[in-house]
Structure formats: structure tokens, C-alpha cells
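The values are calculated or read from the model by the stated rules, or taken from the named source; none is laboratory data. The model shown is predicted, which means the values in this text are computed figures rather than measured ones. Glycine also receives a Cβ, built like all others from the backbone with ideal geometry; neighbour counts cover every protein chain displayed.
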Amino acid sequence: MGGFTDVAALDSSAARKIPRLNAAVLGESPATEDDQLILPSDQFSSNANISSYHQYLEMYKRSIEDPAGFWSDIASSEFFWKQKWDQQVYSENLDVRKGEIKIEWFKGGITNICYNCLDRNIEAGLGEKIALYWEGNEPGFDGTLTYIELLHKVCQLANFLKDNGVRKGDAVVIYMPMLMELPIAMLACARIGAVHSVVFAGFSSESLAQRIIDCKPKIVITCNAVKRGSKAIHLKDIVDAALIDSAQNGVSVATCLCYENESALNRESTKWKEGRDIWWQDVVPTYPTTCTVEWVDAEFPLFLLYTSGSTGKPKGVLHTTGGYMVYTATTFKYAFDYKPSDVYWCTADCGWITGHSYVTYGPLLNGTSVVVFEGAPNYPDPGRCWDIVDKYKVTIFYTAPTLVRSLMREGNEHVTRYSRKSLRVLGSVGEPINPSAWRWFFNVVGESRCPISDTWWQTETGGFMITPLPGAWPQKPGSATFPFFGVQPVLVDEKGNEIEGECSGYLCLKSSWPSAFRTLYNDQERYEVTYFKPFPGYYFTGDGCTRDKDGYYWLTGRVDDVINVSGHRIGTAEVESALVSHPQCAEAAVVGVEHEVKGQGIYAFVTLVDGVSYSEELRKSLILTVRKQIGAFAAPDKIHWAPGLPKTRSGKIMRRILRKIASKQLDELGDTSTLADPGVVNQLIELADC
């Protein structure tokens, strides 16, 4: 961090004395396109958990020089441990040249994350505090649970799971919408030492089956249906199809627990398999409201979360208990400047890592009141978010740039007709937020008085890696700013050499942090090859990054074959294999293109089987195939007919050329003479609008 302190250390009074500095001050004026800096106000900083860059730097320096001392102080003072960890707080090997990759934190420490989320907070006097505010899809449908009520419901489900053969270390797959029962199911698993694997309830039956086959769960927990906006989605039908598929592949699941979501579908209309399917409402409420805690080692698995890779098969990211608990709670507390009076709403689904770390675990570990929203943010109109903010007096609002951009297109009036006076801190997650969307979020939604925590992190990291700390330093629209405590980002060139100062390169992380994922389930080799082999000695993020002259980090997007659509990572290989499974598709190549709402869109070049003609029906059929196999969120935005694909003489598809054609950057195609058939490029250009 050395040498970069000048701008970061600026406060509003010092900034006013600098001539020609284009800066806005929090709460004083809107951010214009000329403002390079948004300075915290003296009032915000004085009340912040981290009130200055100097304070941050002192804590950051200790977290790097003495990570064992830094993290053990936090772990022992803010969490309950049945037994303290071994003398060695952490051990790590991030260098493939030195043997197996291994990361351990607080090993030997015995704890339970559910106990720390619920019982510990109740014992501290928060039993009657609202833990969850639930807002249904239809306005007017809502509910609340206090910390005591939430504990009772968690214990009932935990007792049901134990009664149905779920033991410590067993997997449980959860395929549910954003009902309160989703975090309840996660916490119930954690209470008894079961490993939950939440699958986003937008994935197809094929995708769900893949995950069931991989982790072999004892039980699948689902819901009969959900309404997203005006559309009903029959989740139980998808689960039924997945369970048939998995059984045919040798993995049979004996029990399917199904929650009846009456507002979407009644039980009489729900397809049912006697002997396997059980209605949640019929059995779970009959169990006792207390359940013994299963105490586990800090390194015991907590959950599996499958994420897209650049090759077809989803990767089961494995997170363990102790380090994840300490890190998610600490990042939540500081990155959102959390206060006990805050009401927090994150719009993410629990099917993604954000819903694990920053809807469920991070907030509840801090004793937060959390809003859980079942519906679509633009239903019944584009003002729904701000209606919810006003209804629950939300103070911290954390969402994705995709949602910001889509609401921005709808116009300011949908925002300004609501008060939003309760808002204090805004947050952004999932992809880099472009400066114009940042300014709209800041100026219109936050009325220029709310700092934006533009967080960069990944499924694999478990928690925030690079993030602003509100009140501690000036922000730059579009920059994730500086690393969190204990995080050492480095930029390297193609050869793996670290680059200093102002530069662009591949973003890697040096040394471990408590919530780092420990392996890919049943695939340690892929774990090492994907993340640690590209640049030995470092964790490779797969992202490109720029560091400016002031030391601020700017994420520039994926550098591998992964597309970031609305904050969802989708492997190009997954989409390609779905397309090629269509009987009339001979070959496919997929690239990401800029999309003004989703950040990136999916652009597919498709070569048809000989003799098959291009048609609109075929285009729709190909898109439907992807929707069916992966899910609606992975459907291509554009199918580009391709008589052939640009390949090298060794047969490798030149995706660089396809990206340029898809982005209409035809003057940047570069040298095509090395292609086996350079004429293919002109054919593709001619067919661009077909």
C-alpha cells in the first residue's frame, strides 16, 4: 500500500484546499462526470467503524504482518468456541511446486455457525429483535421472525432431518425460492453438521441432477412452486425430473421435503410421489423447538456451492466452518459500516454465494435484521424496491449493477416518488459497476448522501476481497478501491512476475485468508490446476485488473472463458455443450459481449449440420435447448449463423476474433492469416445481421 496514501488519506476539509481537484463531498452535492473523487463527509467518518485511512492502514498493516494475531483476536473476542484452536492459527501452501495445495484456519477449534448466528445473539439479549423480515412476491404478503422464533423453526427442521437419517457430514440439497424457509434450511443443516448445497431455483432439472449426482444428498428440500412477478414456476416438477435423472445415474434420494407455497400453487395441484415426498407443513411443525448443537472442527465442511467453470462440469466449491464464520461476519461489519440499529436488505438469492455470505451468515452473525424478498424487483412496477425500502426502513441496500442499470432505464420518477430517507449505505456486487450507473445509484437512489460499497469477491473467496470501507477514504466511481484486512492482491504479467505501481495485469492473491475455499469437491486436481497452477505461488482469480496511480483497484472482467451475466458466472463450455446437444447443431462457440443492462450478454456462433437451413424456428429451438439444460439465465441473447468457425491450423477456435465480430469491432480483427481458412471471417461478418 506504500506510496499511494495521498488521495486515499484526503478528508473533506483537506480536499477543499486543493486547487482544481474535482471532488464531491458526501451529502453536499451530486457527483458529476467531472468528479473523480467522492469524499466522505466529516459527520459520516466520525461515526464510522473505520473512520480514516490512517486507522485502516494501521489495521491492514497488522493483518498482513501478523495474520495469526489479527484474526485470532477477532475470532476469540466476537464468537463462541466450545474449544479453542491449536497453537497454530493457520497453515497454508499456495505453491503447486511445493506439494499439495492446503489451507487451514483455526484447526482444532470447535464451534458451530448456527449457534453463533442464533443462540449466541439470543443469550446477548437479542431474542426479541427481528431477525428476518419477509416480503412476498405480491405486495401485502409479508412476515417476520424474531431471533427466538427463527431458532425454534431451525430446531424443528433440524430435528426432522435427524429423524430422517441425516447425520454429521451428510449432504442436503436445497432447491427453494426466497422464502424464510431457505435460510432456515441452511441454518438447520449447519446446526446438525450436515453439509448444505443450495441450488439456485432457476437452474434446470438437468443442472440440478448434475449437482445431486455429484454430492449424493440424503434429502432434497424444495417448494412446490414460486411466483416471480406474474409468472408461476413449478419447482417440484423440476425436482421430480432431476430425481428421475439422478436415479438413472445411480444416485437415489429417499426423501423429498416439500414446502407448500400456497400463493403460487395449492397442494392438490402438486404432483406427488407417495413414500418419498413429504409436506413440510404436515411434519416439521410437530417437532420440538430445541435441538442439540453438533459441535464441529473449524475445518469441518459447512457447504458446497456449485459454480460454472470454463470447462463444462460445474465445480463444487467447498467452504468450511470456522474461518468462513469469522471472515463473513467481519467483512459484513466493516464493509457496510454496520450498526445494531440497521435494517439490511441484499437482493441476492441464497442460490448464489452472496445469499450465503451476505443474506444469511454474515448478517445474522452480527445480530442484524435482514429483509428477504421472494419476488422480482420490477413487479408490479419498477418502484417496488423503494416501496420495500420505505416499508421496512432499510438502511443498508446491497444489489447488483444489473438491477441498477435496469432501474436506471425505467427513469428517476420510479425512485423519487418514494422517500428512501432511511438509506445510509449502498452496496454493489457481482460484476464491476460502470461509472455512469454508479453515479445514478449514488445521486438518485442515495441522494448523494450514501457511500457505495462496490465489493469485489468470488464464490471461491467466501467474502469480500477488495471493497471500500464507508467513511474511511474517498471513493472513485467504478473502483473497488482497496483490499480488505488480510488480503494481499497482486497484479502479475503473463509470466507471473509481479508488477508494481500503476499498471494492468492478471489479478492474483498472495497468501490465504480465513474464508478461502478449501478444495473442489471430489476434485482436488481441478482445484489446483484451475486456481494455483496458472501462476505458481498465487491464487489466480481469473480476473483482469488495473491499479491506478493512487493505488485504487479497478476490475476489468474475466480473462478466462467465463461470462458474467447479471452477476451470474456462466461457463462458455456449458452453453456450447448444450447447443451442440441439439440434433441440428454441428458446432458452437460462445463469447461474451457488452450488454447495457446485464453487463455481459451471451453471443453464440452456431454451425449447423450439413443440409440444415437457417430459420427463426431453429433459432428459438436452440435457445430453448440451453434454457432447458442450464436455465433461463443462460439463454443466448444472439445466435449468429456460422458456416464455419475461425480456427488455427491445429483446430483451436480463435475466440479473440469471434469477440471482435460480436462486438462489431471489425477494424480490430488483427492478423487472420494464421487461420486454417481466413475466408471464414468474411462469411461471418456478412451473416452478422441474419
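In the set (1) at pLDDT below 95; (2) under 19 Å from the mean Cα position of the chain (by Cα), residue 504 fails one condition alone, (2). If you check 172, 166 for being free of Cβ contacts under 8 Å to residues at least 60 places away in the same chain and either in a loop (DSSP other than H, G, I, E, B) or not assigned by TED's automatic domain parsing to the domain that holds residue 361 (or both), only one passes: 166. Any residue in segment 458-467 that is farther than 24 Å from residue 303 by Cα, under 18 Å from the mean Cα position of the chain (by Cα) and either of a type in the set (Val, Ile, Thr) or modelled with pLDDT of 95 or more (or both)? Yes, that holds for at least one residue. Say whether the condition of being assigned by TED's automatic domain parsing to the domain that holds residue 97 and among the acidic types (Asp, Glu) is met by at least one residue in segment 482-497. Looking for residues that are assigned by TED's automatic domain parsing to the domain that holds residue 97 and among the acidic types (Asp, Glu), one finds at least one in segment 482-497, hence yes.
Return yes when residue 269 is of a type in the set (Gly, Ala, Ser) and within 30 Å of the chain's Cα centre (by Cα) and no when it is not. Taking the combined requirement at face value, the residue does not satisfy it. Restricting attention to segment 561-574 and to residues that are in contact with a helix residue (DSSP H, G or I) (Cβ under 8 Å, 6 or more places away or on another chain) and assigned to a strand (DSSP E or B), the residue that is farthest from residue 9 (Cα to Cα) turns out to be 570. Looking only at residues in segment 285-324 that are farther than 30 Å from residue 558 by Cα and surrounded by 22 or more Cβ atoms within 10 Å (Cβ to Cβ), the one that is farthest from the chain's Cα centre (by Cα) is 291.
Scanning segment 393-403 for residues that are over 16 Å from the mean Cα position of the chain (by Cα) and among the aliphatic types (A, V, I, L, M) yields 394, 396. Listed by position, the strands (runs of 3 or more DSSP E) inside segment 215-291 whose residues that are in contact with a helix residue (DSSP H, G or I) (Cβ under 9 Å, 6 or more places away or on another chain) number at least 1 are 219-223, 226-228, 255-259, 277-279. Sub-6 Å Cβ pairs linking a first residue in segment 608-623 that is assigned by TED's automatic domain parsing to the domain that holds residue 636 to a second residue that is in a loop (DSSP other than H, G, I, E, B) and surrounded by 14 or more Cβ atoms within 10 Å (Cβ to Cβ), at least 6 apart or interchain, are 608/584; 609/584; 612/584; 622/582; 623/635; 623/636, ordered by first then second residue.
Determine which member of the set 131, 124 is surrounded by fewer than 15 Cβ atoms within 10 Å (Cβ to Cβ) and among the aliphatic types (A, V, I, L, M). Step by step, each of 131, 124 is checked, and only 124 is surrounded by fewer than 15 Cβ atoms within 10 Å (Cβ to Cβ) and among the aliphatic types (A, V, I, L, M).
Residues in segment 505-545 that are polar (S, T, N, Q) and under 16 Å from residue 466 (Cα atoms) were compared, and the one that is surrounded by the fewest Cβ atoms within 10 Å (Cβ to Cβ) is 511.
Taking the criterion of being part of a strand (DSSP E or B) and closer than 30 Å to residue 578 by Cβ, the residues of segment 306-345 that qualify are 306, 307, 315, 316, 317, 318, 319. Between 592, 611, the distinction of being at pLDDT 90 or above and part of a strand (DSSP E or B) belongs to 592 only. Scanning segment 446-460 for residues that are hydroxyl-bearing (Ser, Thr, Tyr), assigned to a loop (DSSP other than H, G, I, E, B) and surrounded by 24 or more Cβ atoms within 10 Å (Cβ to Cβ) gives a single hit, 455. Scanning segment 639-669 for residues that are surrounded by 15 or more Cβ atoms within 10 Å (Cβ to Cβ), of a type in the set (Lys, Arg) and either assigned to a helix (DSSP H, G or I) or modelled with pLDDT of 90 or more (or both) yields 655, 659, 660. One residue alone among 63, 77 is over 20 Å from residue 539 (Cβ atoms), in the same structural domain as residue 515 (by TED's automatic domain parsing) and not acidic (Asp, Glu), and that residue is 77.
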